[in-house]
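Colleague: Have a look at this one before I ask anything.
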Amino acid sequence: MIGLEKGVTLITGNYGSGKTEVAVNLAGLLASRGEKVTLADLDIMNPYFRCRKAAAELEALGVRVIIPREGYFFADLPIVLPEIRGAIQRRDSVFIGDVGGDDTGARILGSFADVLARNPYKLLMVINANRPFTDTVDGCLGMMDEIEASSKLAIGGIAANTHLMDETDADVVRHGFRLAAEVAEIRGIPIVLVAVAASLARELRDEPFADRLLPIERTMLPPWRRREGTGPGMFKIRQIAEL
Amino acid sequence: MAKKLMKGNEAIGEAAIQAGVRNYFCYPITPQSEVAEYLAKRMPEVGGMFLQGESELAVGNMIFGAAATGERVFTTSSSPGISLMQEAISYIAGAQLPAVFANIVRGGPGLGGILPAQSDYFQSVKGGGHGDYKMLVLAPSTVQEAVDLMMIAFDLADKYTNPVMIIGDGMIGQMMEPVEFKKPPPMALPPKKWAANGCKGRDPVIIRSLFLDPLRLEQNNRELFVKYRRMQAEEVRFERYNVEKGNKVLIVAYGTTARICKTVIADFKARGINVGLLRPISLYPFPMAAVAEAAEGVKAVLSVEMSMGQMVEDVERSVLGRAPVGFFGRVGGVVPTPEEITVEIEKLL
């Protein structure tokens, strides 16, 4: 990853691009490296698969997780907690915001425009090239324009996250990186991370993007799937050199 | 076409387009709103129409009206919304028109919750609206199967001039899986002579479900039941998973629940205990003969559902005393875990 170790990182993208898995795994990785991390649920769109589910594991790693609690956990309501404004302004820790999908989900960021104007932030666009509407360069550019228009913020980096769930292989990741690279070049912004299933990271260690790999352990699995290595230990530090 | 990673709801929307649907009406409700969102973007690209009704009541009747023209029509909703459509569904069945409804089921009764459930089994299978009618009800357990069933649902609706329902719990709508869109083999379909699509050069057709002459209404009901018997003969769909001689227990489960049961079955197999799964794909017509056959010689049958016990009545009706029938369910949006189901099966061994 490039330049995500400090400050405010806001993670946007279209529905199902993998924003939450990227946010959760990024928070876990930084925390396991000893960084002070806050992860905030800014998703006002999707009540099904959200970073709330990984909260306990992240908290065990010392991550401050800001999510609706107790009676509001399952509410089908656009809840944004007041402490998020304060958390964004803290300079002593990394802030990661998991934003809802599409331009509709990104609209929430407009309400933080005043705070973000005073605090350096990076707005990332997560791209999965196998998802509808972001499977072409034009589709990605259009989605970026929409997200920027509704969030009133500029996208400053791309998180390449191309996969096909269990059917992902190294070529799927390479294809996604190529598409993301085209988009990045047109917009003049960097690809700051390439998310890959942890099991694929070793195979990709010689790729040009190997310095930016974020190994992903899926935290949101369907009920018929069991996760290996469940527990706080899942976010192990994975230096590329060790892969 | 390369595989795409799609949410069940998006895939259901795309499958409708691939199946030739150009008329989609909907009122949003969690957990199915992504179908509307997807088709709002996609329909204009293919020259189709997405119209949001002012309520599900309106949408149901828009479907009724559009179906009368012989065009392929489609709507999606979730449990409370499907309840509001029941009047229209009864009219559509009575008037013998083809239409496809997808219900991405959430917990009830009432407004209930927004998480996955299978508690609309009775509503869809036993007739949620009034009168003697049946719908063909198809229950996918993967996103790919949702696509495949959608692709044939419109053909089946045309074949029987009858409403068809795709029923998936909230998980089917919300989860993402890789999918591809394969055209199914073409079905021989009857010409739509009944369609009210302009009567220039021919006699007008009248589409109605109102028959004040009792003998005429009785005749209409008898015609419907000729079709339903044909469905029972030709449209039973199911999957047998690990069903074999020596099964100690037979599980009957559909949709997401069946997938969880497969995990359980693999665990038992590793322990040397043989458990089978009969997964109904068509909930109506229910695979009665297949369930009965699979229940031969087992110690017990267990119906696993995300309801308080609905399909279990059809399981009992099929097993007819060949083995004791038990039930395990979680409700309210709670999805049963493999561990819980394992405990229930161990009680039966």
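No value in this document is a laboratory result; all are computed from the given coordinates. None of the values given here were measured: they were computed from a predicted structure. Cβ atoms come from the backbone with ideal geometry, glycine included; neighbour counts cover every protein chain shown.
Colleague: At 0.692 mPa s and 37 °C, plugging the Kirkwood radius over alpha-carbon pairs of chain B into Stokes-Einstein gives what diffusion coefficient in µm²/s?
Modeller: Estimated diffusion coefficient is 159 µm²/s.
Colleague: Can you give the longest stretch of chain B with no exposed loop site, where a site means GluC sites (Glu not before Pro) in a DSSP loop (not H, G, I, E or B) with at most 14 other C-beta atoms within 10 Å?
Modeller: Longest site-free region, per DSSP loop and neighbour criteria: B:55-179.
Colleague: Relative to the longest principal axis of the C-alpha atoms of chain B, give the angle of the C-alpha long axis of helix B:255-270, reported between 0 and 90° and rounded to the nearest 10°.
Modeller: 20 degrees
Colleague: Rounded to two decimals, what is Rg over Rh for the protein assembly as shown when you use alpha-carbon atoms and the Kirkwood radius?
Modeller: 1.00
Colleague: What percent does the relative contact order of chain B come to when contacts are Cα pairs within less than 8 Å and at least six residues apart?
Modeller: 17 percent
Colleague: From the P(r) of the range B:113-267, could you give the percentage of C-alpha pairs in the tail past 22 Å? Don't skip to the end; give the middle numbers.
Modeller: Working: 6776 of 11935 pairs.
I get 57 percent for the Cα pairs in the range B:113-267 exceeding 22 Å.
Colleague: OK, next. Tell me, rounded to the nearest percent, the portion of alpha carbon pairs in the range A:8-242 spaced more than 34 Å apart.
Modeller: 9 percent
Colleague: Continuing with the same structure: Please list the equivalent ellipsoid semi-axes of the range B:192-349, computed as the square roots of five times the alpha-carbon gyration tensor eigenvalues, in descending order and whole angstrom.
Modeller: 42, 16, 15
Colleague: Name the residues whose placed amide hydrogens come within less than 5 Å of the amide hydrogen of A:V94, ignoring near sequence neighbours (fewer than 5 apart) on the same chain.
Modeller: Here A:K36, A:V37, A:T38 satisfy the definition.
Colleague: Using a 10 Å cut-off around each Cβ, can you sort A:M125, A:M144, B:M288 from fewest to most neighbouring Cβ atoms?
Modeller: B:M288, A:M144, A:M125
Colleague: Relative contact order, percent, of the range A:8-242 when contacts are C-alpha pairs under 8 Å separated by at least 6 residues?
Modeller: Working: 432 pairs, mean separation 55.3, N = 235.
Value for the range A:8-242: 24 percent.
Colleague: Could you tell me the relative contact order of the range B:192-349? Use alpha-carbon pairs under 8 Å, at least six residues apart, and round to a whole percent.
Modeller: The normalised contact order for the range B:192-349 reaches 21 percent.
Colleague: Distances longer than 21 Å among the Cα atoms of the range B:1-95: what percent of all pairs is that?
Modeller: 29 percent
Colleague: In what sequence do B:Y24, A:Y121 fall when counting other Cβ within 10 Å, fewest first?
Modeller: So the residues, fewest neighbours to most, are A:Y121, B:Y24.
Colleague: Mind checking the mean number of beta-carbon atoms from other chains within 10 Å of the Cβ atoms in A:128-139?
Modeller: 3
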